[in-house]
Structures are given as C-alpha cells and as structure tokens.
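The values are calculated or read from the model by the stated rules, or taken from the named source; none is laboratory data. For clarity, every value in this text was computed on a predicted model and none was experimentally measured. All Cβ positions, glycine included, derive from the backbone under ideal geometry; neighbour counts span all protein chains shown.
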Amino acid sequence: MREFICKRNDLSLILNIYKPTKYKSLQIEPSTLYVVPTPIGNLTDITHRSLSVLSEVELVLCEDTRVSRKLLNHYDIDTPTKSYHMHNEHRTVDSLVEQLQQGISMALISDAGTPAISDPGFLLVRACLQAGLRVITLPGPTAFIPALVQSGFPTDRFVFEGFLPHKKGRKSRLSQLAEETKTIVLYESPHRIVKTLVQCAEVMGPDRPASISRELTKAFEETVRGTLEELEAHFTTHPPKGEFVLVIQGKN
C-alpha cells in the first residue's frame, strides 16, 4: 500500500495575522440568492468576493448558525443569520422565496464547502429559479475536487455519487458503479467507511485501485492510496476519524 500523510503546522498564528477587516464593495442585487462556498477546514480558504457578499447581503442562510457564526465572527461580519438545513428546508423554502420576491438579498452557506453538494440547497435553488428569481453561485471550496486530483486517477471524466444510500438501494447502486469506467468519487462518514470499503471490494474486486482523503485542509490532512482490500485493512487497524472522500479507479 502506498501512503501519503501530510500534517500541517498549527494554523492559529496564520489566522490571527490574516484577518482582513475590509473587502471590496460589491453591487448586491435585490431579489437574488447568492450561493457561497465556505472553507472545509482552513478558514483562509475563502475568497474576498465571498466575504464581500456575506458582508453586504441582508440575510445569511446557514446549515448551523453556531458553526457559521464562528466563520462570520472571525471576519467581523455581523449580517443576520437564519437556520436552513435538511430538517426544515421543505417547510421554509416557500417563505424564503416570498422574501426574495419582496426584494431581500440572501446568501446561502453550509457548514463547510459548497451548498447543495451533498448539503442542503438544491430545493431552494430550484424554487428560486422556478419563481424567476436570480441565483448567483460563487466558486470556492469543495472536498471532492482536491481528493480527485490528488488520487492520481483520470480526472477528464468522473462520476460524483456523494453519499451512498444507507440501506435501500445501496447494493444495486454499488453493482452499477462496479461497471462504471469513469473515476468514481464518494463521500463517506468515519462510521461507515470500513463497511463501504468491504462492500466495494466485494462487487468491484479487492484489487481495484482506490484513494481515500480525509480532514482535507486541516492539521491532520491525510491521503492513503492502495487497493480496496489494502485500504480496508488500513482503516480497520487505524480507527477512522473525520470526513472521508473515497476515489475509486473506473473499471478497465
């Protein structure tokens, strides 16, 4: 098994130094939803444009306001926040669209990464577009792109599956992916990563090359490469921690 481990220095000093208090002013459009990516670990991985939007919109929709407030406070942003997550998005989407139609500007963020990518956001974006409202999505952090690039597998064509179904449809999805010729990208939790590696090895073969990245951009960032069988053995003996991106080479 080929293993690469990158442990970064403590970021606290960097974060204290790199704390801009002013951002270039933007012309925020009324009745517009801004989809704003946020850092997946390192707070400095956010663009000045994103900070400007978060500073100047009238409301920031957050997956968890407690998590987002840490980011906003770090950059001295005092824009009002409101919870928008998987447990309330169905019942709040209509009222949010109404507020946007009345002229308010909003930013949508998740706890980490790009909203609507394995996170809440799709329903609101779709509802806004159906209502004729403008949606502007900013570029920025997401976990699967760095993991894909540093896997060493082909990046010209790939499929992103997000999280596999926990129960219903899981086996059939894996069977379909076993025949996929493009590079496969999955998200997985530390509680299920070993089980997922076992099941992938069963349907794709234990010798299928794969790569796992975890804790991307954080102090204990780690990427482990090998076969599915080798990765299973590694994380069986090394208790998995953090969020995982599993990248699997497509079928030859």
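Here are the numbers for the structure shown:
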item	result
Of all residues in the range 185-199 being touching a strand residue (DSSP E or B) at 6+ places or on another chain (Cβ under 7 Å) and in a helix (DSSP H, G or I), the one that is farthest from Pro141 (Cα to Cα)	Thr196
Selection count, the range 76-122, where residues are surrounded by fewer than 17 Cβ atoms within 10 Å (Cβ to Cβ) and of a type in the set (Phe, Trp, Tyr)	1
Which numbered condition Ile40 misses (of (1) surrounded by fewer than 20 Cβ atoms within 10 Å (Cβ to Cβ); (2) of a type outside the set (S, T, N, Q); (3) in a loop (DSSP other than H, G, I, E, B))	(1)
Residues being of a type in the set (Ser, Thr, Tyr) and either more than 21 Å from the chain's Cα centre (by Cα) or in a helix (DSSP H, G or I) (or both) - total across the range 200-238	3
Subset of the range 68-99 that is part of a loop (DSSP other than H, G, I, E, B) and hydrophobic (A, V, I, L, M, F, W, C) - its residue that is modelled with the lowest pLDDT	Met86
Residues that are under 22 Å from Phe163 (Cβ atoms) and in contact with a Phe, Trp or Tyr (Cβ under 7 Å, 6 or more places away or on another chain), drawn from the range 82-107	none
Residue, farthest from the chain's Cα centre (by Cα), within the range 128-141, restricted to residues that are surrounded by fewer than 21 Cβ atoms within 10 Å (Cβ to Cβ) and touching a residue at least 60 places away in the same chain (Cβ under 8 Å)	Leu133
Considering residues of the range 1-48 that are of a type in the set (Ser, Thr, Tyr) and at pLDDT 50 or above only, the residue nearest to Tyr187 (Cα to Cα)	Thr38
Filter result for Leu51 (crowded, with 18+ Cβ neighbours inside 10 Å, outside any strand (DSSP E or B) and either modelled with pLDDT of 95 or more or not polar (S, T, N, Q) (or both))	yes
Residues that are within 13 Å of Leu33 (Cα to Cα) and assigned to a loop (DSSP other than H, G, I, E, B), drawn from the range 100-112	Gln102, Gly103, Ile104, Ser105, Ile109
Those residues of the range 113-141 which are out of contact with any Gly (no Cβ under 7 Å at 6 or more places or on another chain) and assigned to a loop (DSSP other than H, G, I, E, B), in sequence order	Ala116, Ile117, Pro120, Gly121, Ala131, Gly132, Leu133, Leu138, Pro139, Gly140
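Table: residues versus (1) out of contact with any Phe, Trp or Tyr (no Cβ under 9 Å at 6 or more places or on another chain); (2) within 20 Å of Thr223 (Cβ to Cβ); (3) of a type outside the set (Gly, Ala, Ser).
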{"residue": "Ile145", "(1), (2), (3)": "yes, yes, yes"}
{"residue": "Phe153", "(1), (2), (3)": "yes, yes, yes"}
{"residue": "Gly169", "(1), (2), (3)": "yes, no, no"}
{"residue": "Gln176", "(1), (2), (3)": "yes, no, yes"}
{"residue": "Thr181", "(1), (2), (3)": "yes, no, yes"}
{"residue": "Tyr187", "(1), (2), (3)": "no, yes, yes"}
